[in-house]
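Engineer: Sharing a structure below in structure tokens format, with a few things to ask.
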Number of protein chains: 2
Amino acid sequence: MGHSQQDKAASHERILDVAARQFRKRGFDGVGLAALMDKAGLTLGGFYKHFTSRDQLVAEAMSHALKNGRVWLQDKVPPDGSAPLGRLLNAYLTPEHRDNAGNGCAVAALAVDASRTPAASADFNAGFRGFADWVGGMLDGPEDEKRARGGAVICAMAGAIAIARAVDDPRLSDDILKATRRLIENSQKHKPGAGARRRRRRPVGRAAKR
Amino acid sequence: MGHSQQDKAASHERILDVAARQFRKRGFDGVGLAALMDKAGLTLGGFYKHFTSRDQLVAEAMSHALKNGRVWLQDKVPPDGSAPLGRLLNAYLTPEHRDNAGNGCAVAALAVDASRTPAASADFNAGFRGFADWVGGMLDGPEDEKRARGGAVICAMAGAIAIARAVDDPRLSDDILKATRRLIENSQKHKPGAGARRRRRRPVGRAAKR
DNA sequence: ATTATCTATAGATCTATAGATAATGC
DNA sequence: ATTATCTATAGATCTATAGATAATGC
């Protein structure tokens, strides 16, 4: 044994890295604490000096996985490049992403898990909002609609990856990625005005509660 | 006790109904066999006279949930009505659907679970294909692209429902459904030719293996 | 006689805690 | 003295099986 506070911080980070990866791959319920600690080079007993409960790990790992997935994506989509949406789709809707859930987008891998796990909801929300802002910035259109449109693009992309992973037939799986790419591209291509027709502007300053 | 073969068939159906609903709500790992049997009005011990293993239940419940979700949707989208895509979006992208995972679309609720559960993959695949054919039939465009385009529409819809469920903020959640609706409508609205530009035709009869 | 279901239980998890060990850090 | 980690274990699951019970169905 023999461990400094610095060692502990490194252990904590290692546990989070392992959990963020394993949860994306197997789900929150798909891996136990003993297996996680083992993969982090530790034993189960020490877990509760790092987290007060399994739920706390789930919450921290949710944020960690979202950040992790964003870093992976942003490395492939430079902030000042041209045609950013095309680059995003090129990076996201790939067989590589589909076949590596553990290192990929946490929205695609963990949205359903988060919806069943109250401990993860707040962190999922925050991560999704940031992601939607980023993607919204790549789109044309009125400034106040960009976040919502960015969110819709994420829904289409994440849904495609999740379904492409679930499907048994490799050809069908590849086709899902390609068809979703075309759907998203077409959705951004139509003449402005045509899609805004049906849209009513929400009055500013009258925040509607639900 | 005292049970006929007819009783057994009814029991089997009840177990499947309960499982299809509970799995959509809580995931394959989110509910145990004892709780399922209890909700079906039976006890755990009888389970293995109906299924050889938990995995077999998962497989049958996957199909059952897909069928169930299709019936629910098709009730709301008459086969010969006008503007079928609009009706589909009206039925699918709603707060009601979002708030009732147990009775809703199994693609949205269980794609990620299926991707982690080999026993469910084949049944998910078959269900998705049928669903994509149905939705494809609602779209304009070349006949040989309809299934793929239908699949992409499902990805966007299912992704939106899954993410709208995961998100913490009710306003954001509602906005996700609305923005995805617009994205899908716009994707079908663009002038044909613009989107087909980049598309290469696959030679018929040369089936590419992966 | 067969069988649909029940009660009871074995054996394998899994989370959380208790107490020991061997360093760190005041 | 404090603490980061370890070994060991309690108590609560969960799947699967064994054997009993009370009907069905030939």
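Engineer: Which one of A:124, A:51 is among the aromatic types (Phe, Trp, Tyr), surrounded by 18 or more Cβ atoms within 10 Å (Cβ to Cβ) and facing chain B (nearest Cβ under 10 Å)?
Structural biologist: Just one listed residue meets the conditions, A:124.
Engineer: Hey, another quick one. Assuming residue A:77 fulfils every condition listed in (1) away from every other protein chain (no Cβ under 14 Å); (2) more than 13 Å from the chain's Cα centre (by Cα); (3) buried (at least 16 other Cβ atoms within 10 Å of the Cβ); (4) at pLDDT 95 or above apart from one, which condition is it?
Structural biologist: (4)
For every residue, the table says whether it meets (1) charged (D, E, K, R); (2) over 27 Å from residue A:171 (Cα atoms); (3) within 16 Å of DNA strand C (Cβ to nearest atom).
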site	(1), (2), (3)
A:51	no, yes, yes
A:66	no, yes, no
A:80	yes, yes, no
A:93	no, no, no
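Engineer: Could I ask something else about it? Answer yes or no as to whether residue A:63 is part of a helix (DSSP H, G or I), more than 14 Å from chain B (Cβ to nearest Cβ) and touching a helix residue (DSSP H, G or I) at 6+ places or on another chain (Cβ under 9 Å).
Structural biologist: On the way: part of a helix (DSSP H, G or I): yes; more than 14 Å from chain B (Cβ to nearest Cβ): no; touching a helix residue (DSSP H, G or I) at 6+ places or on another chain (Cβ under 9 Å): yes.
Here the answer is no, as residue A:63 does not meet what is asked.
Engineer: So residue B:146 fits all but one of (1) closer than 14 Å to residue A:176 by Cα; (2) touching an Asp or Glu at 6+ places or on another chain (Cβ under 6 Å); what number is the exception?
Structural biologist: Only one criterion is unmet by residue B:146, namely (2).
Engineer: Can you tell me which condition residue A:27 does not meet? The list is (1) at positive phi; (2) surrounded by fewer than 17 Cβ atoms within 10 Å (Cβ to Cβ); (3) within 18 Å of the chain's Cα centre (by Cα), and all the others hold.
Structural biologist: Tallying (1) at positive phi; (2) surrounded by fewer than 17 Cβ atoms within 10 Å (Cβ to Cβ); (3) within 18 Å of the chain's Cα centre (by Cα), residue A:27 fails exactly one: (2).
Engineer: Output the residues belonging to segment B:3-24 that are closer than 20 Å to residue B:106 by Cβ and either at pLDDT below 95 or crowded, with 18+ Cβ neighbours inside 10 Å (or both).
Structural biologist: B:15, B:16, B:18, B:19, B:20, B:21, B:22, B:23, B:24
Engineer: Report yes if residue A:56 is at pLDDT below 95 and away from chain B (no Cβ under 14 Å), otherwise no.
Structural biologist: no
Engineer: How many residues does segment A:164-180 hold that are closer than 18 Å to residue A:104 by Cβ and in contact with a Gly (Cβ under 8 Å, 6 or more places away or on another chain)?
Structural biologist: Going through segment A:164-180 one residue at a time, the tally reaches 2.
Engineer: Against the conditions (1) more than 9 Å from chain A (Cβ to nearest Cβ); (2) buried (at least 22 other Cβ atoms within 10 Å of the Cβ); (3) among the small types (Gly, Ala, Ser), where does residue B:82 fall short? Just the number, please.
Structural biologist: Among (1) more than 9 Å from chain A (Cβ to nearest Cβ); (2) buried (at least 22 other Cβ atoms within 10 Å of the Cβ); (3) among the small types (Gly, Ala, Ser), residue B:82 violates only (2).
Engineer: Filter segment A:158-204 down to the residues that are more than 7 Å from chain B (Cβ to nearest Cβ), at pLDDT below 95 and over 18 Å from residue A:147 (Cα atoms) and list them by number.
Structural biologist: Listed by number, the residues that qualify are A:191, A:193, A:197, A:198.
Quick grid of which residues meet (1) surrounded by 18 or more Cβ atoms within 10 Å (Cβ to Cβ); (2) away from every other protein chain (no Cβ under 13 Å):
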| position | (1), (2) |
| --- | --- |
| A:45 | no, yes |
| A:69 | yes, yes |
| A:107 | yes, no |
| A:113 | yes, no |
| A:128 | yes, no |
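Engineer: Just a yes or no: is a residue in segment B:30-43 within 14 Å of chain A (Cβ to nearest Cβ), in contact (Cβ under 8 Å) with a residue 40 or more places away in the chain, within 13 Å of DNA strand D (Cβ to nearest atom) and buried (at least 17 other Cβ atoms within 10 Å of the Cβ)? Explain how you work it out, then say what you get.
Structural biologist: Narrowing segment B:30-43 to residues within 14 Å of chain A (Cβ to nearest Cβ): B:30-32.
With in contact (Cβ under 8 Å) with a residue 40 or more places away in the chain added as a condition, the list becomes none.
Within segment B:30-43, not a single residue is within 14 Å of chain A (Cβ to nearest Cβ), in contact (Cβ under 8 Å) with a residue 40 or more places away in the chain, within 13 Å of DNA strand D (Cβ to nearest atom) and buried (at least 17 other Cβ atoms within 10 Å of the Cβ).
Engineer: Would you mind stating whether residue B:27 is within 12 Å of DNA strand D (Cβ to nearest atom), in contact (Cβ under 8 Å) with a residue 12 or more places away in the chain and either within 14 Å of chain A (Cβ to nearest Cβ) or of a type in the set (A, V, I, L, M) (or both)? Before the answer, list the steps.
Structural biologist: Details: within 12 Å of DNA strand D (Cβ to nearest atom): yes; in contact (Cβ under 8 Å) with a residue 12 or more places away in the chain: yes; either within 14 Å of chain A (Cβ to nearest Cβ) or of a type in the set (A, V, I, L, M) (or both): yes.
Spelling it out, residue B:27 is indeed within 12 Å of DNA strand D (Cβ to nearest atom), in contact (Cβ under 8 Å) with a residue 12 or more places away in the chain and either within 14 Å of chain A (Cβ to nearest Cβ) or of a type in the set (A, V, I, L, M) (or both).
The values are calculated or read from the model by the stated rules, or taken from the named source; none is laboratory data. Not measured: the values here are computed from a predicted model. Here Cβ is always computed from backbone atoms with ideal geometry, including for glycine, and neighbour counts include all displayed protein chains.
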